[in-house]
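Reading through the structure tokens given below for one structure.
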Amino acid sequence: MQRERRGENAAFLAPMYIFTVIFLIGPFVYMLVLSFLTRAETWGVVNSFTLRNYERILEPLYFNTFVESVKLAVLVTALVALFGYPFGYFMAKLPPKRRGLMLMLVMIPFYTSSLMRLYGWIIVLRANGLLDKLLMALHITSEPLKILYTYPAVAVGMVYALLPFMMLSVYSSVEKMDWALVEAARDMGASPAGAFLTVTLPLTMPGLMTGVILTFVPSMGLFFVADILGGNKIVLVGSLIQEQLMKVHDQPFAAALSVIMMLMMTVMIWLYRRVTGSGEMEGML
Amino acid sequence: MGEPILELRDITKSFAEGTVLNGISLTADRGEFITLLGSSGCGKTTTLRIIAGLESCDSGAVILEGRDVTDEPPERRGVNMVFQNYALFPHMSVEANIGYGLKIRRRPRAEIRKAVSDALEMVRLPGYERRMPSELSGGQRQRVAIARAIVNEPKVLLLDEPLGALDLQLRRQMQIELKRLQKQLGITFIYITHDQEEALNMSDRIAVMKNGVFQQIGTPSEIYDRPKNAYVAQFVGSANVLTGTAEYADGRLMLRRGDVRAAVTDPGTGIGAGAPLHVAVRSEYIDFLPPGTPGFAAVVKEKSFAAGMLRLALETPDGAEIIASRHGIDSELVPGDAVTFGFDAGHAVVVEAEDAT
């Protein structure tokens, strides 16, 4: 009986296993193998094992790209958390009707192409664009800031692109909050800020951490933001991988860079589990 | 005793859905156990939340130890609450939960540890400091919630249906323990329940609440034996309320229903003959009379057995439902039988009509 039942289960689960192997494990193994192969003279790869691709990452040119990417990702993540947490928090505290409306407003931009939205930012940020005109009209600045194609422009674009992920994951964990706990904290003598820091923040930490992962990891790889708003002046790991793959046609090196990024991601998720003590991610995942 | 610690002065509160509190006043003495008794939606939880400062009132005042705290935030009131679903912090150990209030007030660590272990001793859970709330049973969580409140030495302890989630046996046991704790600590308890047995068992005084008004405030025996109005009689004593007109015969007050009348206890308030009269008679005092004796006619509708008593639901010709209860498991009466019933005048208490509000 027992064995029969187990066989039955395996049959039901088979499509899931097949899917996982074909679409997740397969490509990953392919990439891992590729990262240890040698680039051919003109096109494709040669089947000879090498660690050269990983050694190259340590060269200052590429290593700096990693360092700069991480710096930008930290900045972007911090900004996204700073703006996204309060937004998600207050959204969850709205009355249900208006909450639905707000959720819709947050989601709507997802239905537009993200490239389109980035071009929108060009109009805002370019020299004598909307932002410059506004600031000059308000006599805050006397000449155009020329933000487009600078580091801040890339940061703004990334914060904009990634903010919804933070808002939604914070929202989903704040929405689950048992507010009686906050009342209990107040009842026992905590000020509103004290109750937030000792009760609300720790209990919504899973949402915040999910938001951090959903922001930090992509912000290292959103090459098109860096390309469009940074004008090729700011090179991120994502841009580097794309360039190596699509322009230089160095597939093994691109694969090695990707493997390192995946390792960083894995470390972050491992940290997440350590911090929140849970295996599942809040909301989005 | 006798020294007022908490006073509610004519408190009103409305939400968008309507008025919840309709001007309630109450004075609680030091060390007193007061129960707010009422069915759900009567405003008892709102009253408690207003005392705690978790809800503001539209008008009226909350006075604690002679100080008006109506506009004070909860953290500056010196009262503590045991929440209905305990509201233990799931991310903190039992020790951190109980010590929370003391830690917020920056008391030395050694003092907190001592106070926590004393409080756990008090609620009979010694050695549970390291446990997490998720590792505790319902009854244990309840005890931790109580320990977390009393450790702060509140002037008044507010308890919002603290035993509601426990099974019957545990509830009985906790009733006794709570009462013991209250005597031992000498703290004023304001206790909420919808269970009249619990209220009668534990309280020094009971405030019966309905539609945001205190229907009657009094000791358990006052509430039980001398209900002020029909609602209190029905809710607390599960009494039948018979409605008719007042009549006097040989100087005795009588209840007339149709062509039958019966003597009742005269409250001495000078009820005029012909005035509408409401009389409460508890189910165990409904007597069945031999056929042919003058009495009120009714038909047996339903028969059931509960809590060691046989319960007979009767219906009078004018549609009133009367419950009669008897010891024992069965009777010869079956649904459909016509019966005649009456009651002893000493057990028929005149009550006011239920408030229209």
- Note on the structure: Residue hits (the stretch B:212-248; within 16 Å of B:ALA348 (Cα to Cα) and in a strand (DSSP E or B)) are B:ASN229, B:ALA239, B:ASN240, B:VAL241, B:LEU242, B:THR243, B:GLY244, B:THR245, B:ALA246, B:GLU247, B:TYR248
- Check whether at least one residue in the stretch B:150-165 is acidic (Asp, Glu), closer than 23 Å to B:ARG113 by Cα and assigned by TED's automatic domain parsing to the domain that holds B:ILE50, and report yes or no. yes
- Restricting attention to the stretch A:150-166, does a residue exist that is more than 14 Å from chain B (Cβ to nearest Cβ), part of a loop (DSSP other than H, G, I, E, B) and at pLDDT below 95? yes
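Results for (1) within 23 Å of the chain's Cα centre (by Cα); (2) open to solvent by 70 Å² or more (accessible area, probe 1.4 Å); (3) closer than 19 Å to B:ALA230 by Cβ, shown as yes or no for each residue.
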site: B:GLY274; (1), (2), (3): no, no, no
site: B:VAL281; (1), (2), (3): yes, no, yes
site: B:PRO291; (1), (2), (3): no, yes, no
site: B:GLY295; (1), (2), (3): no, no, no
site: B:VAL300; (1), (2), (3): no, no, no
site: B:LEU312; (1), (2), (3): no, no, no
site: B:THR316; (1), (2), (3): no, no, yes
site: B:ALA338; (1), (2), (3): no, yes, no
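Return yes or no: is A:LYS97 of a type in the set (D, E, K, R), outside any loop (DSSP other than H, G, I, E, B) and under 21 Å from A:LEU222 (Cα atoms)? Lay out the reasoning, then the answer.
Details: of a type in the set (D, E, K, R): yes; outside any loop (DSSP other than H, G, I, E, B): yes; under 21 Å from A:LEU222 (Cα atoms): no.
Considered against the rule, which asks whether it is of a type in the set (D, E, K, R), outside any loop (DSSP other than H, G, I, E, B) and under 21 Å from A:LEU222 (Cα atoms), A:LYS97 comes out as no.
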- Message: Quick test of your reading of the structure: A:ILE140 fulfils all but one of (1) assigned to a helix (DSSP H, G or I); (2) without any contact (Cβ under 8 Å) to a residue 12 or more places away in the chain; (3) not polar (S, T, N, Q). Name the failing condition by number.
- Response: (1)
- Within the stretch B:176-211, work out how many residues are open to solvent by 40 Å² or more (accessible area, probe 1.4 Å) and in a strand (DSSP E or B). 2
- Task: Please determine, by comparing only the residues of the stretch B:230-253 that are of a type in the set (A, V, I, L, M) and under 17 Å from B:GLY272 (Cβ atoms), which one is surrounded by the most Cβ atoms within 10 Å (Cβ to Cβ).
- Result: B:LEU253
- What are the residues in the stretch B:74-105 that are open to solvent by 30 Å² or more (accessible area, probe 1.4 Å) and farther than 17 Å from B:LEU120 by Cα, if any? B:GLU75, B:ARG76, B:GLY78, B:GLN84, B:ASN85, B:PRO90, B:HIS91, B:ILE104, B:ARG105
- Query: Would you say A:ALA92 is assigned to a helix (DSSP H, G or I) and farther than 28 Å from A:THR215 by Cα?
  - Reply: no
- Query: Name the pairs: first residue in the stretch B:77-103 and on the phi > 0 side of the Ramachandran plot and more than 7 Å from chain A (Cβ to nearest Cβ), second residue surrounded by 22 or more Cβ atoms within 10 Å (Cβ to Cβ) and of a type in the set (Gly, Ala, Ser), Cβ to Cβ under 6 Å, at least 6 apart or on different chains?
  - Reply: B:TYR86/B:ALA145
- Item | Residue identified as open to solvent by less than 60 Å² (accessible area, probe 1.4 Å), at pLDDT 85 or above and farther than 30 Å from A:LEU201 by Cα among A:VAL124, A:VAL106 | A:VAL124
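Quick one: which residue in A:LEU131, A:LEU115, A:LEU135 is touching a Ser or Thr at 6+ places or on another chain (Cβ under 6 Å) and either farther than 30 Å from A:TYR171 by Cβ or touching a residue at least 12 places away in the same chain (Cβ under 8 Å) (or both)?
Exactly one residue qualifies, and that residue is A:LEU135.
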- Item | Contacts under 8 angstrom Cβ, first residue in the stretch A:61-74 being touching a residue at least 24 places away in the same chain (Cβ under 8 Å) and under 15 Å from A:ALA226 (Cα atoms), partner among the β-branched types (Val, Ile, Thr) and open to solvent by 40 Å² or more (accessible area, probe 1.4 Å), 6 or more apart | A:THR65/A:VAL235; A:PHE66/A:ILE260; A:GLU68/A:VAL235
- Which members of the stretch A:109-121 meet the condition of being open to solvent by 40 Å² or more (accessible area, probe 1.4 Å), out of contact with any Leu (no Cβ under 7 Å at 6 or more places or on another chain), under 18 Å from A:ILE228 (Cα atoms) and part of a helix (DSSP H, G or I)? A:SER114, A:LEU115, A:MET116, A:ARG117, A:TYR119
- Would you point out the residue of the stretch B:106-134, among those that are within 14 Å of another protein chain (Cβ to nearest Cβ) and more than 18 Å from B:GLU177 (Cα to Cα), that is surrounded by the fewest Cβ atoms within 10 Å (Cβ to Cβ)? B:ARG106
- Query: Among B:GLU55, B:GLU7, which is in contact with a strand residue (DSSP E or B) (Cβ under 6 Å, 6 or more places away or on another chain) and either outside the structural domain of B:VAL123 (by TED's automatic domain parsing) or open to solvent by 20 Å² or more (accessible area, probe 1.4 Å) (or both)?
  - Reply: B:GLU7
- Task: Output the qualifying pairs, or none if there are none: Cβ atoms under 6 angstrom, residues six or more apart or on different chains, first residue in the stretch A:219-231 and under 14 Å from A:ALA73 (Cβ atoms), second residue part of a helix (DSSP H, G or I) and open to solvent by 30 Å² or more (accessible area, probe 1.4 Å).
- Result: A:PHE223/A:GLN242
- Taking the stretch A:198-251 as the search range and keeping residues that are away from chain B (no Cβ under 14 Å) and among the polar types (S, T, N, Q), which one is surrounded by the most Cβ atoms within 10 Å (Cβ to Cβ)? A:SER219
- Item | Of residues in the stretch A:173-197 being within 11 Å of chain B (Cβ to nearest Cβ) and among the charged types (D, E, K, R), the one surrounded by the most Cβ atoms within 10 Å (Cβ to Cβ) | A:ASP187
- Message: Can you tell me how many residues within the stretch B:305-356 are under 28 Å from B:VAL208 (Cα atoms) and of a type in the set (S, T, N, Q)?
- Response: 1
- Query: Where in the stretch B:265-338 are there strands (runs of 3 or more DSSP E), lying wholly inside it, with at least 3 residues that are touching a residue at least 40 places away in the same chain (Cβ under 8 Å)?
  - Reply: B:276-282, B:287-289, B:296-306, B:321-327
- Restricting the first residue to the stretch B:1-21 and requiring it to be over 13 Å from B:THR47 (Cα atoms), which pairs with a second residue that is open to solvent by 20 Å² or more (accessible area, probe 1.4 Å) and polar (S, T, N, Q) meet a Cβ separation below 7 Å and a spacing of at least six or different chains? B:PRO4/B:THR27
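The values are calculated or read from the model by the stated rules, or taken from the named source; none is laboratory data. Keep in mind it's a predicted model, so treat the numbers as computed, not measured. Ideal geometry is used to build each Cβ from the backbone, glycine not excepted, and the neighbour counts take in all protein chains shown. Surface areas here come from the heavy atoms of the whole protein model, side chains and all, with no ligands, DNA or RNA. Shrake-Rupley method; radii C 1.70, N 1.55, O 1.52, S 1.80 Å.
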